[in-house]
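Let me begin by presenting the structure, written as C-alpha cells, before commenting on it.
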Amino acid sequence: MKKLSVDDLSAMRKELKKKKGSWIRVGCSTCGIAAGAKEVFDTLKEEIQKRDLKSLEVKQCGCIGMCYAEPLVEVMIEGMPKVFYGKVDKDVALKIVEKHVCGKMLLNDRIYDAKRSR
Amino acid sequence: MEKRVFIKDTNHVGKKERTRDFYTAFLAQLRERKLENDVQLIRVADIGAYNQGFVVHIYPDDFLYSNVEMQDIPRMIEESILGGKKIDDLVCHHISKQFRIVLRNCGVIDPRNIDEYIVHDGYQAIEKILSGYTPEKVLEELKTSGLRGRGGAGYPTWLKWQFTRNVPSDQKYVICNGDEGDPGAYMDRSVLEGDPHSVIEGMMIAGYVIGATKGYFYIRAEYPLAIERVKNAISQAYQYGLLGENILGTDFRFDLEIRLGAGAFVCGEETALIASIEGKRGYPRPRPPYPSVKGLWDKPTVINNVETLANIPVVILQGGAWFSNIGTGASKGTKVFALTGKVKNSGLVEVPMGTTLREIVYDIGGGSASQAKVKAIQTGGPSGGVIPEDFLDTPVSYESLQKLGSIMGSGGMIVMDANDCMVDIAKFYLRFCVDESCGKCTPCRVGGTQMLNLLERASEGTGKREDIEKLKKISLAMQRASLCGLGQTAPNPVLSTLRYFEDEYLAHIEEKKCPACRCGALFRYSIIQEKCKNCGLCAKNCPAGAILGDRESGYTLDQEKCTRCGRCFEVCRLGAIFRG
Ligand SMILES: Cc1cc2nc3c(=O)[nH]c(=O)nc-3n(C[C@H](O)[C@H](O)[C@H](O)COP(=O)(O)O)c2cc1C
C-alpha cells in the first residue's frame, strides 16, 4: 500500500462514502462475545451465504452500550427502519434472516430501543 | 409496509396480558380501516422510555408517544398514521438524553478496518491540522472547547499540552492511559475495542502540538481484545502512512507502541505508570516535577486518558466553540459512564455534562432492577463516594459531584438499593485500596489497614462509638500525607457513607444491627413456624445443609451451619423465613 498524502486521504474518504446498501452488524466487543456474539455472527454469515444474498453485508462492530441486551444485532435493510435486536441467539439470528431480511417484516418482542436506533 | 408502529408497555414488565390486549385492540382497529397490509404493528422489548405506560413509536414520521390509553388508538391512526400529524398531548418527554461524541463510532464501525474509521470522518482532524494548523491554533481550539481530562482529576487538557510544549527538549512523549483499574468501569476498554483509531488520532494530534515523535499505549493485560484491536489499528495506520515518517506527505513524524500493564490499580497513576513503562516497579513518586516537565525517561511527557484522547479529533473537526456549547459551567462536552449495579439497563451511557443523575439512572437506566427503591449511587470507584437518592437531581459536573463528597472519577456509576449496606460498601472499596496500595508511603499502607480493621469491627458487632471519630481522624491523615492519589482518596468512600448514612454506622456499632441485612454477624435467618407449610423448598436450596427436618416433622434452621447467603429467604413463597 502506498503511503497516503493529504489529497489521497480526502479522495479516498470521498470514494468510500459513496458506498451504500443493506447491512447487518453484530456487536463483537468483550461484552458481546461473552454473551455469545461470535456464534450469532457465524450463523448470520452462513445463512446469508446459503440464501445467496450477495448485496447484504454482515459486519462486526464494537459495543453500542446496551450491554444488558447483548448479543446485539443491528439490521439496516433499505426502505425499512434500522433496528437493534437484543439477546439474539442462533434461532433469533435465523429468524432475522428469514422474516426481516427476506420477508421485510420486523420481529416481535426482540427489538431494543427502536427510538435510539434510527 | 409503509408504516411501522412500535409498542411497549413500559410499566408492567412481565404482564403480557396488558400488552396483548392493547396489541389486539390496535390491530383490530387497523383491520377495520383495512390498513393491516400497510402498517406493521410490532411489540418491542425496549423502547428507550421507562415507567410511562404504553409507549408508541410511529415510523417513519418519528412520533414518540407515552402514557397512551386504549381510547387514544383511533386518533393515533387517523391523525398520525394516516394524517402524518403529531399529537402534542401524547408526546413523550422523558427520553434518553444520550449524546455521543466519544462513543460516536462504537458499535457503528468495524474497529478492525481502518477504512470504516476513515469513512466516518476519521483522520480528517489530523488531515486538517497538517494542512495548515499551527500547534498554537490547535491549543487555541482546545482552550475554547474547555475539554478537561476524563481520567479523574479533570485537568484542562490544553494547559497540560501547553506546559509540555513549552519545555525545551530533544525528545518528548505522548502516553495514552488505558489502565482503567476502577472496579466496575469499562468505558476505556469499550473505546479501545470499538474505535481504536480515534484514540490513535488523538495521540497524533498531541504529538504534533507538543513536538513529540513517539507515543505509548499503556493497556492492562486483562484487556486482550483491546490490545489486539489497538495492535491491528496501529499496523493499519502504518500501512497507510498515517504513522511513521512523513505523515500525509508532510515532515510530521509519529511512532506508536503498546506497553502492557500487569493490572495494578496504582499503575493508573501517572508517575507509577511511567515507572512501569520504564521497566521499573510501579511506584508513584512525589510531584512536582510533573510529567509535563520530567516524564518518561525524564523527558517532557503528556499523559492522557483514553476518553480524553477520543474527544480530540471531534474538537478539531467541529471546533472548540461547538464543543463548549455542550455541557455546563466549567464542565464541557460529554461524559461516558459505565452504569451498573441494581439498575435495569446496565451498560455504557454517554450524556452531556449537566445531565442530572436522575436522568441517567431513570430515563436511561430504567430505574431500579428490583422492587426495592434506589438508595444511592456510587461514582468515582474507590476514589469516589456515594450520593444518596435525595441528591439525584444534581447535574453532573466535576464540581457538583465533588461538592457532594464524591468525584466524577473515570466514569464508574454503581446503583445501590435498600439491600445494600453502606458499611459493607465502604469496606469493599477500602479493602480494594488496601490490597492495591503499593506500600511505599506509610499513611496509605498503615492508615488504610487501620481503617479497614475498624470497619471490620463494626460489621462484626464489636465496634465502639469512638471508632467513628478514629475513622475520620485517620482519613484526614491519609488525605493530607499520602504520596499519591490512591492514598489521598482512599478514605472517600468511608467519609461519604459516614456523611450521609451515619445512622447505619451507629446501628452497627450501638444496636449491633445491620439494617440492610448484609453483615452476616448482625442478623440471622429463622423459620416462622406459623407460616411454614413444610414444603421443603428452603431445605432443598440451602447450599450449607443448615435447614434440618423433613416434610412430616417440619423444618428448623441450624444457626451454626447457616452462612447467611439468603437463598432460603429468596425461594420461600410463603414469607416464612424471618430475616433480621
Ligand atoms: C490510584 C490512581 C489510579 C488512576 N488510574 C487511572 C486510570 O486507570 N486511567 C486514567 O486515565 N487515569 C488514572 N489516574 C489518573 C492519572 O494519574 C492521570 O491523572 C490521568 O491519566 C491524566 O489524564 P487526563 O488528564 O486525560 O485525565 C489514576 C490516578 C490515581 C491516583
task: Just the number, please: percent antiparallel of the DSSP beta bridges in segment A:20-112, rounded to the nearest 5.
output: 65 percent
message: For a quick check of your reading of the filter: which trypsin sites (Lys or Arg not before Pro) in segment B:13-75 sit in a DSSP loop and have no more than 11 other Cβ atoms within 10 Å?
response: B:LYS15, B:LYS34
- line: Of the listed pairs A:LYS17/B:LYS137; A:LYS87/B:LYS427; B:LYS512/B:LYS561; B:LYS427/B:LYS531; B:LYS15/B:LYS533, those with alpha carbons more than 24 Å apart are A:LYS17/B:LYS137; A:LYS87/B:LYS427; B:LYS427/B:LYS531; B:LYS15/B:LYS533
- line: Spelling it out for B:GLY341: with amide H atoms placed in the peptide plane at 1.01 Å from N, the residues 5 or more places away or on another chain with amide H under 5 Å from its amide H are B:VAL415
query: Given Cα pairs under 8 Å that are at least 6 residues apart, what percent is the relative contact order of segment B:114-323?
result: 31 percent
- prompt: Which percentage, to the nearest 5, of the DSSP beta bridges contained in the protein assembly as shown is antiparallel?
  reply: 60 percent
field: Across B:LYS143/B:LYS473; A:LYS82/B:LYS86; A:LYS50/B:LYS231, pairs whose alpha-carbon gap is larger than 28 Å
entry: B:LYS143/B:LYS473; A:LYS50/B:LYS231
query: If you wrap a convex hull around the C-alpha atoms of chain A and split its volume per residue, what is the figure in Å³?
result: 139 Å³
query: Relative to the first principal axis of the alpha-carbon coordinates of chain A, what is the inclination of helix A:6-17, with its axis defined by its Cα atoms, in degrees from 0 to 90 and to the nearest 10?
result: 30 degrees
- prompt: What figure in square angstrom, to the nearest 10, would you give for the accessible area of B:SER96 with a 1.4 Å probe?
  reply: 30 Å²
field: Percent of Cα-Cα distances greater than 30 Å, calculated over segment B:114-323
entry: 14 percent
task: Rank these residues by their accessible area, most exposed first, probe 1.4 Å: B:VAL167, B:VAL293, B:VAL174.
output: B:VAL293, B:VAL167, B:VAL174
message: If amide hydrogens are placed 1.01 Å from N in the peptide plane, which non-local residues have theirs closer than 5 Å to the one on B:PHE578?
response: B:SER526, B:ILE527, B:ILE528
- request: May I ask you to list the aspartates and glutamates whose Cα is less than 14 Å away from that of A:LYS90, ignoring any residue fewer than eight positions away on the same chain?
  value: A:GLU39, A:ASP42, A:GLU46, A:GLU47, A:GLU70, A:GLU98
message: Given the DSSP H assignment, sum -39500 (n - 2.57) over each helix run of at least 4 residues in the protein assembly as shown and divide by its residue total; what's the result at 222 nm in deg cm²/dmol, nearest 500?
response: -10000 deg cm²/dmol
query: Please state the equivalent ellipsoid semi-axes for segment A:17-66: what are the square roots of 5 times the Cα gyration tensor eigenvalues, largest first, in whole Å?
result: 21, 16, 6
message: Amide H of B:VAL374 versus every other amide H placed in the peptide plane: which residues, excluding those fewer than 5 positions away on the same chain, fall under 5 Å?
response: B:SER368
message: Are there DSSP H segments in chain B that both extend 20 Å or more along their axis (alpha-carbon positions) and score a mean Kyte-Doolittle hydropathy of at least 0.0? List them, or say none.
response: B:196-210, B:422-436
Segment B:340-351 - phi-based ³J(HN,Hα) in whole Hz, Karplus 6.51/-1.76/1.60, Gly and Pro as x: 9, x, 8, 10, 4, 10, 7, x, 8, 10, 10, 10
- line: Expressed in angstrom and ordered largest first, the alpha-carbon extents of chain B along the principal axes are 85, 74, 38
- prompt: Using a 1.4 angstrom probe and counting only protein chains, how large is the accessible area of B:ILE7 in Å², to 10?
  reply: 0 Å²
task: Please turn the phi angles of segment B:40-49 into ³J(HN,Hα) values with the Karplus equation 6.51 cos²θ - 1.76 cosθ + 1.60 (θ = phi - 60°), one per residue in order, whole Hz, x for glycine and proline.
output: 9, 9, 10, 7, 10, 7, 7, 10, x, 9
In sequence order, calculated HN-Hα J values of segment B:77-93 (Karplus, 6.51, -1.76, 1.60; Hz; x Gly/Pro): 5, 5, 7, 8, 6, 7, x, x, 10, 7, 9, 4, 6, 9, 4, 7, 9
message: How are the alpha carbon pair distances in segment B:328-417 distributed across 10 Å bins from zero to the largest one, expressed in percent?
response: 19, 59, 21, 1
message: I need the GluC sites (Glu not before Pro) found in segment B:413-466, filtered to DSSP loop residues with at most 16 other beta carbons within 10 Å of theirs.
response: B:GLU466
message: Out of the trypsin sites (Lys or Arg not before Pro) in segment A:5-37, which ones are loop residues according to DSSP with at most 10 other C-beta atoms within 10 Å?
response: A:LYS18, A:LYS19, A:LYS20
task: Just reorder B:TRP297, B:TRP158 by solvent-accessible area, largest first, 1.4 Å probe, all chains present.
output: B:TRP297, B:TRP158
- prompt: How large, in Å, is the protein assembly as shown by the Kirkwood hydrodynamic radius built from its alpha-carbon pairs?
  reply: 27.7 Å
message: From Cα pairs below 8 angstrom and at least 6 apart in sequence, can you work out the relative contact order of chain B, rounded to a whole percent?
response: 11 percent
- request: Measure off, as a whole percent, the carbon and sulfur share of the 1.4 Å-probe accessible area of the protein assembly as shown, all protein chains present.
  value: 49 percent
- line: For B:LYS373, counting only aspartates and glutamates whose alpha-carbon sits under 20 Å away and dropping same-chain residues fewer than eight positions off, the answer is B:GLU359, B:ASP363, B:GLU389, B:ASP390, B:ASP393, B:ASP417, B:ASP420, B:ASP424, B:GLU502, B:ASP503, B:GLU504, B:GLU570
- line: Links exceeding 21 Å between C-alpha atoms in this model, out of B:LYS97/B:LYS332; A:LYS104/B:LYS3; B:LYS335/B:LYS472; B:LYS375/B:LYS470; A:LYS59/B:LYS3, come to B:LYS335/B:LYS472; B:LYS375/B:LYS470; A:LYS59/B:LYS3
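The values are calculated or read from the model by the stated rules, or taken from the named source; none is laboratory data. These numbers come from a predicted model, not from an experiment. When we count neighbours, we look across all protein chains shown, and the Cβ atoms used for this are built from the backbone with ideal geometry, even at glycine. These accessible areas exclude ligands, DNA and RNA; they are computed on the full protein's heavy atoms, side chains included. Shrake-Rupley method; radii C 1.70, N 1.55, O 1.52, S 1.80 Å.
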